[in-house]
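A short write-up of the structure that comes next.
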Amino acid sequence: MTDGTQAPAAEPAAPVDEELRALAAVPGVTLARRELGELVAEARREAAFGLLKTLRDQFAFQQVVDICGVDYPERAERFDIVYNLLSVTRNARVRVIIRTDETHPVASVSSLWPCAPWWEREIWDLFGVRFDGLEDHRRILTDYGFEGYPLRKDFPLTGYVEVRYDEDRKEVVYDKVRLTQEFRNFDFLSPWEGMTLLPGDEKVDRRHRP
């Protein structure tokens, strides 16, 4: 016997994201998720090349739009190498994130995408991450004699050397950075922080002020 009340209807199950599930099943992927509607995969450094080849050949991500680096100095594997891939036929994007450090190189994808060496050279130049299989590790954005890697978080803002034109030698020369003045703290009373009489106020007839 029932009391005439009906049990609440079960909520419909959330739709299964088949694309995300397929990405998570690819060997080498440690975490797959969506951010702002786009696929993101984190993967092991050793499996990066095979994963990216699978995404190109089996998931139709034909183009690599960008390869960039991010520095997190507080981590043991301080660098993220980020690959942004585009599928033209499916109108879809995926971001693949690989972690590494200063000593372990990442496999080059120059054999998968001929344009990749430009970005890999930028990452080597600015972060100091080497790519195994990249034939050309010359600097691409800084000078050949540049010291350090300028996009690392611990690189000094002033750098180590400065470039100037020497009028006597008639050529461009490199010097150690010389600051024209040290940082100074100007500790004085600002007109907006306590002055009750500003220049020109003496001309105002205060008798007619409310």
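A compact table of results
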item	result
Likely footprinting exposure, W124, W113, fewest C-beta neighbours within 10 Å first	W113, W124
P(r) of the stretch 75-115 over all Cα-Cα pairs, binned every 10 Å from zero, in whole percent	23, 45, 26, 6
Difference of contour (0.36 nm per residue) and Cα-Cα distance, A25 to D154	42.7 nm
Translational diffusion coefficient (Stokes-Einstein; Kirkwood radius from C-alpha pairs) of the stretch 18-193 at 37 °C, 0.692 mPa s, in µm²/s	173
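Read-outs: derived from the displayed coordinates by stated rules, not from any lab. Given the structure is predicted, the values throughout are model-derived calculations rather than measurements. Reconstructed Cβ throughout: ideal geometry from the backbone, glycine too, with neighbour counts over all protein chains shown.
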